[in-house]
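Take a look at the structure below.
Just so you know, all these numbers are worked out from the coordinates, no wet-lab data involved. Source: prediction; values computed, not measured. Counting neighbours? That spans all protein chains shown, and the Cβs are built from the backbone with ideal geometry, glycine included.
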Amino acid sequence: QVQLVESGGGLVQAGGSLRLSCAASGRTFNSYAMGWFRQAPGKEREFVARISRSGGRTNYADSVKGRFTISRDNAKNTAYLQMNSLKPEDTAVYYCAASLIFSVLAGRYDYWGQGTQVTVSS
């Protein structure tokens, strides 16, 4: 069992930056690939970024590529999402998730955090 708690969301102006954190409980954090997803009002949850168990592989949605960076610190049981050059269309609830499979599909993720709101004003 893995419990995930996100933090770091908030209100920021367009062009600004935020860093999201995802703290995981348990001793098996490095057994899981980690992903970030987001869901805007009235829209489906979408993939944002993923990172492999070791951190050696990462992938991003085209909409965030070059602006967002996913990372992890297995010693601290924490994953991060650094978000730069934020745009109003990045406004959403952001979720971190853990999976035994390195996947972009939300359905492949076994554990989810409660989400943190990110609002980007124009």
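Quick look at the numbers
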{"item": "Trypsin sites (Lys or Arg not before Pro) restricted to DSSP loop in the range 60-90 with at most 16 other C-beta within 10 Å", "result": "LYS65, ARG67, LYS76"}
{"item": "GNM top mover of GLY56, GLY42, GLY66 - the chain, alpha-carbon springs below 10 Å", "result": "GLY42"}
{"item": "Extension gain from ALA14 to LEU105, taking 0.36 nm per residue of separation minus the Cα-Cα distance", "result": "29.9 nm"}
{"item": "Only Lys, Arg (+1) and Asp, Glu (-1) charged, at Cβ; the chain dipole about Cα centre in debye", "result": "300 debye"}
{"item": "Pairwise FRET efficiency - ASN74 versus LYS43, Cβ, R0 = 30 Å, nearest 0.05", "result": "0.40"}
{"item": "Inter-centroid distance (Cα atoms) of the range 53-116 relative to the range 1-36, Å", "result": "7 Å"}
{"item": "Theoretical gain in end-to-end length, VAL5 to SER85 [0.36 nm per residue, Cα-Cα removed]", "result": "26.4 nm"}
{"item": "Residues of the range 22-46 with amide N under 15 Å of the 7 Å Cα→Cβ point at THR58", "result": "22, 34-37"}
